[in-house]
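Enquirer: For reference, the structure I am asking about is given below.
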Amino acid sequence: MLTVQTNNAAVTALKNLNTNSLAQDQSLNRLSSGFRINNAADDASGFAVASKLDAQAGRLKAASQNAIQATAMVKMADAGVNEIQNMFNRIQTLATQAASGNNAGELQKLDAERIKLETQIDNIANGTNYNGVSLLNGTAGATAALGAAVTGVSASATVTGAAAGAVTISTLTNAGGGIDITLTNAAGTAQTLNTAVPAAGTTASLAFNDIGLSITVDNNLVTGGAGTFTVTAGAAASFQVGADNAATNRVAINLNNSYTTAALYTGAPAAADLTTASNAQAYMDKASFALNTLITQRADLGATQNQLGFVQANLATSIEQTSASVSSIRDADMAMEMANFTKNKILTQAGTSMLAQANQAAQNVLTLFR
């Protein structure tokens with residue numbers, strides 16, 4: 001049937017041309033982006049799964065960075081402990097030499113070296129930190145707060161080695177000027193520092209190294225103040241090493257062990273110095289006790305390093321497999337898409353030609369009017 005109102009052949013050709021043109025555009029989009037799924041409409045379920053896996057991969061990568069930093073922190077702590085261990089080994093050697101009668105004339109020199117070594121042990125223990133976190137003096141995460149307000153003294157203090165417990169504070173006018181501030185810990189150790197009253201709007205920081213606290217005072221500081229800082233030990237540091245908010249996705253690292261001489265000598269046999277053979281003999285036991293304590297604590301650092309190593313290896317595998325899963329869902333098969341593009345390009349060209357032929361066929365009606 002010949003009609004001029006409707007050209008069914010042209011409508012059919014146009015429909016197929018549009019279909020093939022859309023398919024060609026889709027292939028171009030996939031080939032140019034490299035993704036099979038460029039928006040949710042391309043594959044709704046695949047888009048949802050790939051998006052969730054992609055977000056999980058991002059969390060796993062962040063967790064991997066946390067594990068790397070945790071490992072760096074533990075390695076830094078272990079490096080410091082290693083040097084402290086070497087110095088205790090040297091102290092044992094010095095004590096052994098001093099305990100022998102053939103070195104009776106060298107005792108003062110041996111003891112002088114022992115003093116320097118113990119000073120350096122405390123320096124390393126108190127000075128080793130990672131991003132502001134003390135690693136070797138047992139104060140990681142520790143806090144100190146005043147139980148009652150003391151005029152001119154900040155309500156919180158920075159713990160730089162103080163053991164958990166009470167530290168009292170008192171302020172008195174110094175006869176030579178300024179104000180004396182005295183801190184006394186539970187063991188009876190006291191330290192007094194003198195400070196001028198800060199100018200209005202300013203503060204001053206006072207480091208009580210013998211106590212292990214650093215306090216801040218302002219222009220309201222007066223005499224006659226008294227109070228008590230309560231030092232609270234910090235909990236084990238927790239590192240997020242997984243993609244989920246679960247205890248199994250965290251690693252706790254104990255940084256509360258102290259490697260100062262005072263801490264390592266706690267409970268050790270009493271020994272004063274190396275100035276006599278008998279003192280040196282007692283010091284051999286004292287240094288051996290401290291070294292055994294240190295080695296036991298260091299073993300935990302080593303175990304933690306191994307644990308974090310396995311955590312990192314597992315995270316690397318998880319990231320790899322999660323990324324592979326996202327790729328299998330979302331990425332375009334370039335060979336297949338190129339084949340589809342070629343096919344759709346040919347069909348589009350053929351459709352264009354057939355549409356032209358269909359439009360030309362309708363003009364055959366004009367031959368009826370000749």
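The values are calculated or read from the model by the stated rules, or taken from the named source; none is laboratory data. Values in this document were obtained by computation on a predicted structure and should not be read as measured data. Cβ atoms come from the backbone with ideal geometry, glycine included; neighbour counts cover every protein chain shown. Each accessible area value is taken on the protein alone, full model and side chains, heavy atoms only, with ligands, DNA and RNA left out. Shrake-Rupley method; radii C 1.70, N 1.55, O 1.52, S 1.80 Å.
Enquirer: Would you kindly derive the ³J(HN,Hα) couplings of the stretch 71-88 from the backbone phi angles with the Karplus curve 6.51 cos²θ - 1.76 cosθ + 1.60 (θ = phi - 60°), listing them in order in whole Hz, with x for Gly and Pro?
Expert: In residue order, the calculated couplings are 5, 4, 5, 5, 5, 5, 4, 5, 4, x, 5, 4, 5, 4, 4, 4, 6, 5 Hz.
Enquirer: Same structure, new question: Solvent-accessible area per residue for the chain at a 1.4 Å probe radius, Å²?
Expert: Roughly 53 Å² per residue, with all protein chains present.
Enquirer: In addition: About its Cα centre, what dipole magnitude does the stretch 80-176 give when the only charges are +1 on Lys and Arg Cβ and -1 on Asp and Glu Cβ, stated in debye to the nearest 20?
Expert: On the way: 4 positive and 6 negative charges, 14 e Å.
That gives a dipole near 60 debye.
Enquirer: Using only the Cα atoms of the stretch 175-332, what do you get for the radius of gyration and for Dmax, in Å?
Expert: 25.6, 84
Enquirer: Let me ask something else. Give me the number: length gained by fully extending ALA149 to ASN209, i.e. 0.36 nm times residue separation minus the C-alpha to C-alpha distance, one decimal in nm. If you can, show how the numbers build up before the last one.
Expert: Working: separation 60, 0.36 × 60 = 21.60 nm, distance 2.25 nm.
Taking ALA149 through ASN209 to full extension adds about 19.3 nm, to one decimal.
Enquirer: Once you have the Kirkwood Rh of the stretch 30-147 from its Cα pairs, apply Stokes-Einstein at 37 °C and 0.692 mPa s and quote D in µm²/s.
Expert: Values: Rh = 19.8 Å.
In µm²/s, the coefficient is 166.
Enquirer: Using a Förster radius of 25 Å, what is the FRET efficiency between ASN86 and ASN254 based on their Cβ-Cβ separation? Nearest 0.05, please.
Expert: About 0.65, to the nearest 0.05.
Enquirer: Sticking with this one: Give me log10 I(q)/I(0) at q = 0.18 Å⁻¹ for the stretch 296-370, Debye formula, one equal scatterer per alpha-carbon, no solvent.
Expert: -0.88
Enquirer: Take every Cα pair under 8 Å in the stretch 45-178 that's 6+ residues apart, average their separations, divide by the length, and report that relative contact order as a whole percent.
Expert: Relative contact order, the stretch 45-178: 17 percent.
Enquirer: Hey, another quick one. Per-residue ellipticity at 222 nm for the chain, helices alone: DSSP H runs ≥ 4 residues times -39500 (n - 2.57), over residue total, nearest 500 deg cm²/dmol?
Expert: Rounded to the nearest 500, it is -18500 deg cm²/dmol.
Enquirer: Next question, about the same structure. When the Karplus curve 6.51 cos²θ - 1.76 cosθ + 1.60 is applied with θ = phi - 60°, which whole-Hz ³J(HN,Hα) does each residue of the stretch 92-103 get, with x for Gly and Pro?
Expert: 4, 4, 4, 5, 5, 5, 5, 6, 9, x, 6, 10
Enquirer: Then there is this: Taking all protein chains as present, what is the carbon and sulfur share of the accessible area of the chain, in % to the nearest whole number, probe 1.4 Å?
Expert: It is 54 percent, rounded to a whole number.
Enquirer: So what's the gap between the Cα centers of the stretch 259-314 and the stretch 1-63, to the nearest angstrom?
Expert: Taking the Cα centre of the stretch 1-63 as reference, the centre of the stretch 259-314 is 68 Å away.
Enquirer: Now for a different question. Less than 26 Å apart at the alpha-carbon level, and either on another chain or at least 8 residues along: which lysines does that give for LYS109?
Expert: Answer for LYS109, where 26 Å is the Cα cut-off: LYS286, listed by chain and number.
Enquirer: Turning to a different aspect of this structure: Which entry is the computed volume of the Cα convex hull per residue in Å³ for this structure: [x] 159; [y] 246; [z] 125?
Expert: [y]
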